[in-house]
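> Quick one: this structure, given as structure tokens, is what I'll be asking you about.
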Amino acid sequence: MTGSTPQTLGTDRPQPVDVHRLEVTHVEQDAYTVDVRGHRLRVDQPLEAGGTDSAPTPTELFAASLATCVAFYAGR
């Protein structure tokens, strides 16, 4: 229609999240965060390796990821 005002419909539906995107950010020293689907994970190194031991190491997080993946699918 000519002369009509455009209307915007509101929605409460969440916006789609890119499930294939990981964003890694340097925090300080040896600490990093990774954002995955709105979840934030942190990794760091132990004190003796030069980190601040504020989070698991990337290797520990990797091992935990594999272990929980196996547990999840075995539990199904």
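Computed from the coordinates by the stated procedures, all read-outs in this text should not be read as laboratory data. Only a predicted model underlies this, so the values are computations on that prediction, with no experimental measurement involved. Counting neighbours? That spans all protein chains shown, and the Cβs are built from the backbone with ideal geometry, glycine included.
> Considering only the other residues whose Cβ falls under 13 Å of the Cβ of Q29, what net charge follows from Lys and Arg at +1 and Asp and Glu at -1?
-3
> So who's got an amide H within less than 5 Å of the one on T57, skipping anything under 5 residues away but keeping other chains? H placed 1.01 Å off N, in plane.
Placed amide hydrogens put D44 under 5 Å from T57.
> Can you tally the net charge around L61? Count Lys and Arg as +1, Asp and Glu as -1, for every other residue whose Cβ sits under 12 Å from the Cβ of L61.
-1
> Spelling out what I want: for every residue of the range 37-54, take phi, set θ = phi - 60°, compute 6.51 cos²θ - 1.76 cosθ + 1.60 (Karplus), and round to whole Hz; glycine and proline get x.
Per residue, the Karplus-derived 3J(HN,Hα) values read 6, x, 9, 10, 10, 10, 10, 7, 10, x, 4, 5, 9, x, x, 10, 6, 8 Hz.
> Quick one: which residues, 5 or more positions from G51 or on another chain, have an amide H under 5 Å from its amide H? H modelled 1.01 Å from N in the peptide plane, none for Pro or chain starts.
Q45
> Stretched out fully, how many nm does the piece from T25 to V70 gain, at 0.36 nm a residue minus the Cα gap? If you can, show how the numbers build up before the last one.
Values: separation 45, 0.36 × 45 = 16.20 nm, distance 2.79 nm.
Result for the pair: 13.4 nm of gain on full extension.
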